[in-house]
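Report on the following structure.
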Amino acid sequence: MNYAEITGWGKYVPKLLMTNDDMAKIIDTSDEWIFSRSGIRQRHYSHVSTGEMGWLAAERALAAAGVDASDIDLVVLGSTTPEEICPNTASFIKNKLGATKAAAFDLNSACTSWLYGMNVATDMIKAGSIKKALVIGSERISLAMDWSKRESCFLFGDGAGAVVIEATKEKLGLLSAHMSCVPDSRECLHLPSWGMSPSHLTGDIHVSLNFEGQEIFKSAVKGMADSIANVLEREGLTAEDIDLFVPHQANVRIIQTLAKRLNFPIEKVMVCIDEYANTSAAAIPLALCDALTDKRVKPGMTILTASFGAGLTCGAGVIRWSDRVEPLQTSDADIVPYDGTVFDLMEDSFTYYGVDAQHLLTK
Ligand SMILES: CC(C)(COP(=O)(O)OP(=O)(O)OC[C@H]1O[C@@H](n2cnc3c(N)ncnc32)[C@H](O)[C@@H]1OP(=O)(O)O)[C@@H](O)C(=O)NCCC(=O)NCCS
């Protein structure tokens, strides 16, 4: 039997920060309200595209695995925010990496995209059709924040995370995964006009996130709990067998509610939403990278992961970690810096969504 061991991991987090206090300069809110309702303190905003961020995370993952890009068979990019839809962004990343022989595709199931991608790539390795894959989650979601909607614009941040998975005969990597999509719940999290529609021909386009926070909250907890029950049963495990839980980072209260429902001690849960907010498809690989850096991942650990996103898509997976928790090498690749402030970066977005932020600009 083939398995797909995780041998490399890498992330890219943009340097520019938008703190809750910064946010309170643009919308009617406060650090106290945002932190108590969501667990978020700040988010990072990117001056480069989803593809550039995903490329750097992938470079770092390849270095950690000690794998040459030319040996990769498949590049999967999980993302809701590709700069272009045709051609796909995975092909941009593949070319920039020099992954000459790799196939490349984008996968969009919103925040669950990385987990869906892991499941697909792992199954391809298990089936024997490929041997090495890069699975990336990257999002530049800051560009879709509608500053006239204070109930949602504070929730998201940009970033990228990636893993290298490789064929092995040892029982390692993503052992079981469950993917689902909750019926009749497409409208509660929706970015109308983000794609090709007749309104493009008339120029009548306004991209704005529609959001029903409490509806999503309830569906997310139930959907993830159902997927977790499914994967635990398939692996013959209970919550007590799990060493670390790395969930999607959308709201700390969702994570706490889920942990309580599963009787899972919060000390075993990876939480980094305070630092990054919700980075959508990047959230789980970013959290996994931080868990490794913080030495919370130990050799041989059994790790549970779960996610949900627009659709409402849901999923969970059980990962068995190998003996190695240190990167083999590091990469010195980087992204050209931006020399303005976060407000300068967002100037066009403020204008698009009708927010007067002229007094905050330095350029
Ligand atoms: C968005 C979310 C944090 C809101 O928390 P909540 O407890 O449901 O808060 P509510 O929407 O009920 O709003 C409560 C009050 O705060 C106000 N409020 C909303 N946004 C605010 C803000 N940024 N600052 C201050 N007050 C705000 C509301 O107007 C409302 O006021 P009212 O009681 O006077 O009407 C929460 O519902 C959530 O995280 N949902 C899921 C998020 C998610 O799934 N995201 C992405 C999916 S991958």
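The values are calculated or read from the model by the stated rules, or taken from the named source; none is laboratory data. As the structure is a prediction and not an experimental result, all values here were calculated from the model. Cβ atoms come from the backbone with ideal geometry, glycine included; neighbour counts cover every protein chain shown.
Looking at (1) closer than 27 Å to GLY39 by Cα; (2) more than 17 Å from the chain's Cα centre (by Cα); (3) assigned to a loop (DSSP other than H, G, I, E, B), which one does PHE154 not meet, given that it meets all the others?
Only one criterion in (1) closer than 27 Å to GLY39 by Cα; (2) more than 17 Å from the chain's Cα centre (by Cα); (3) assigned to a loop (DSSP other than H, G, I, E, B) is unmet by PHE154, namely (2).
Quick check on this structure: which one of ALA64, ALA4, ALA57 is touching a Pro at 6+ places or on another chain (Cβ under 6 Å), crowded, with 20+ Cβ neighbours inside 10 Å and in contact (Cβ under 8 Å) with a residue 24 or more places away in the chain?
Going through ALA64, ALA4, ALA57 in turn, just one is touching a Pro at 6+ places or on another chain (Cβ under 6 Å), crowded, with 20+ Cβ neighbours inside 10 Å and in contact (Cβ under 8 Å) with a residue 24 or more places away in the chain: ALA64.
Checking SER129 against (1) closer than 25 Å to VAL207 by Cα; (2) surrounded by fewer than 17 Cβ atoms within 10 Å (Cβ to Cβ): exactly one of these is not met. Which one?
That leaves (1) as the condition not met.
Condition check: surrounded by fewer than 23 Cβ atoms within 10 Å (Cβ to Cβ) and in a helix (DSSP H, G or I). Does GLU32 satisfy that?
It is true that GLU32 is surrounded by fewer than 23 Cβ atoms within 10 Å (Cβ to Cβ) and in a helix (DSSP H, G or I).
Looking at segment 350-363, which of its residues are outside any loop (DSSP other than H, G, I, E, B) and over 15 Å from ASP22 (Cα atoms)?
Passing the criteria: THR351, TYR352.
Find the residue count for segment 309-335, including only residues that are hydrophobic (A, V, I, L, M, F, W, C) and free of Cβ contacts under 8 Å to residues at least 60 places away in the same chain.
Of the residues in that region, 1 qualify.
Between a residue in segment 245-257 that is within 24 Å of MET301 (Cα to Cα) and in contact (Cβ under 8 Å) with a residue 60 or more places away in the chain and any residue that is of a type in the set (S, T, N, Q) and in a strand (DSSP E or B), which pairs come within a Cβ distance under 9 Å, given they are 6 or more apart or on different chains?
Listed pairs, sorted by first residue: PHE245/THR305; PRO247/THR305; PRO247/SER307; HIS248/ASN278; HIS248/THR305; HIS248/SER307.
Residues SER142, SER180, SER193: which one is crowded, with 22+ Cβ neighbours inside 10 Å and touching an Asp or Glu at 6+ places or on another chain (Cβ under 9 Å)?
On inspection, the qualifying residue turns out to be SER142.
Scan segment 131-142 and give yes if some residue there is within 15 Å of TYR45 (Cα to Cα), within 16 Å of the ligand (Cβ to nearest atom) and in a helix (DSSP H, G or I), otherwise no.
Looking for residues that are within 15 Å of TYR45 (Cα to Cα), within 16 Å of the ligand (Cβ to nearest atom) and in a helix (DSSP H, G or I), one finds at least one in segment 131-142, hence yes.
Quickly run through segment 144-175 and pick out the residues that are more than 16 Å from the ligand (Cβ to nearest atom) and closer than 13 Å to THR80 by Cα.
ALA160
Could you tell me whether ILE335 is part of a strand (DSSP E or B) and more than 25 Å from GLU212 (Cα to Cα)?
The answer is no for ILE335.
Taking segment 152-190 as the search range and keeping residues that are at pLDDT below 95 and touching a helix residue (DSSP H, G or I) at 6+ places or on another chain (Cβ under 6 Å), which one is nearest to SER349 (Cα to Cα)?
LEU189
Just to be sure I understand the filter: pairs with C-beta atoms under 7 Å, separated by 6 or more residues or on different chains, first member in segment 196-211 and within 18 Å of CYS86 (Cβ to Cβ) and part of a loop (DSSP other than H, G, I, E, B), second member more than 16 Å from the ligand (Cβ to nearest atom) and among the β-branched types (Val, Ile, Thr). Which pairs pass?
Once the first residue is within 18 Å of CYS86 (Cβ to Cβ) and part of a loop (DSSP other than H, G, I, E, B) and sits in segment 196-211, no partner that is more than 16 Å from the ligand (Cβ to nearest atom) and among the β-branched types (Val, Ile, Thr) comes close enough.
Can you tell me which residue within segment 297-317, out of those that are farther than 10 Å from ILE228 by Cα and more than 12 Å from the ligand (Cβ to nearest atom), is surrounded by the fewest Cβ atoms within 10 Å (Cβ to Cβ)?
By that ranking, first place goes to PRO299.
Would you please list the contacts, defined by Cβ atoms under 6 Å and residues six or more apart or on different chains, that run from a residue in segment 124-135 that is touching a residue at least 60 places away in the same chain (Cβ under 8 Å) to a residue that is of a type outside the set (A, V, I, L, M, F, W, C) and part of a strand (DSSP E or B)?
Here the result reads LYS132/GLU166, each pair linking segment 124-135 to a residue that is of a type outside the set (A, V, I, L, M, F, W, C) and part of a strand (DSSP E or B).
Just wondering, is there one or more residues in segment 73-94 that are buried (at least 22 other Cβ atoms within 10 Å of the Cβ), modelled with pLDDT of 95 or more, touching a Ser or Thr at 6+ places or on another chain (Cβ under 7 Å) and part of a helix (DSSP H, G or I)?
Yes, segment 73-94 has at least one match.
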